[in-house]
Amino acid sequence: MLISSIEYASAAAIQALRRRLLDAAGEPPHGPPLFLSRSAQKLRKLHNENEIEAMAQEMGFQVISPQDVSVAEQVRLFSQSHGIAAVEGAALTNTMFCPAGTRVLAILCINDMMPVFNDLSIVMGRHHRKLVGHGVTGAATANRFQPTFTVDLDLVRQSLTWVLEGTK
């Protein structure tokens with residue numbers, strides 16, 4: 001390997017060397033799939049989120065709370081991930097930074113069918129699925145339009161598997 005002073009370096013050569021060294025070190029070509037936690041949020045409460053987060057983590061997802069991560073870190077995480085799963089909310093806007101072909105799973109209550117994030121996925125070349133849950137009778141609700149809801153765990157596992165299949 002020949003090293004020259006920086007003023008003669010080629011950006012393309014540096015990127016190629018960086019990629020070669022990262023590959024040699026065994027770093028994966030992209031980051032892990034992300035599961036976006038909403039456990040601290042008041043709206044769109046997922047009643048069985050703890051079980052779903054544990055399942056996602058067990059399956060290889062990195063669980064993050066976007067509100068606890070800087071914007072720069074969110075951009076980095078999303079730009080490296082080819083799989084995103086989350087209760088539908090503003091954090092899914094970050095999928096604009098994901099590579100084309102990323103699989104996005106939006107988990108939501110049947111009462112809360114908004115097309116915004118599906119439209120974003122279409123425009124940006126993502127694969128988008130919705131996993132619909134149902135309101136929990138007797139659970140505390142933020143309002144009647146966004147009640148606390150639950151999602152069948154078998155359907156969650158199937159849907160998270162779909163996300164993972166796109167990250168290989």
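Just so it is clear, none of the values below were taken in a lab; they were calculated from the coordinates. What you see is a predicted model; the values in this text were computed from it and never measured. Every residue, glycine among them, receives a Cβ derived from its backbone with ideal geometry; neighbour counts consider all protein chains shown.
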> Quick one: which of 119-131, 99-111 comes out on top by average Cβ neighbours within 10 Å, and what's the full order, highest first?
Replying inline: 99-111, 119-131
> Label-point separation (nm) for M55 and K130, each offset 7 Å from Cα along Cα-to-Cβ?
Replying inline: 2.0 nm
>> Using a Förster radius of 30 Å, what is the FRET efficiency between A100 and A72 based on their Cβ-Cβ separation? Nearest 0.05, please.
In response: 0.85
>> I need the peptides 152-160, 83-91 ranked by packing, meaning the mean over residues of other C-beta atoms within 10 angstrom, with the highest value on top.
In response: 83-91, 152-160
> For segment 31-165, what is one quarter of the convex hull surface built on the Cα atoms, given in nm²?
Replying inline: 7.3 nm²
>> List the residues, sorted by chain then number, that are 5 or more residues from Q62 or on another chain and whose placed amide H is less than 5 Å from its amide H.
In response: L34, F35
> Peptides 62-74, 46-58: what's the order by average Cβ count within 10 Å, highest mean first?
Replying inline: 46-58, 62-74
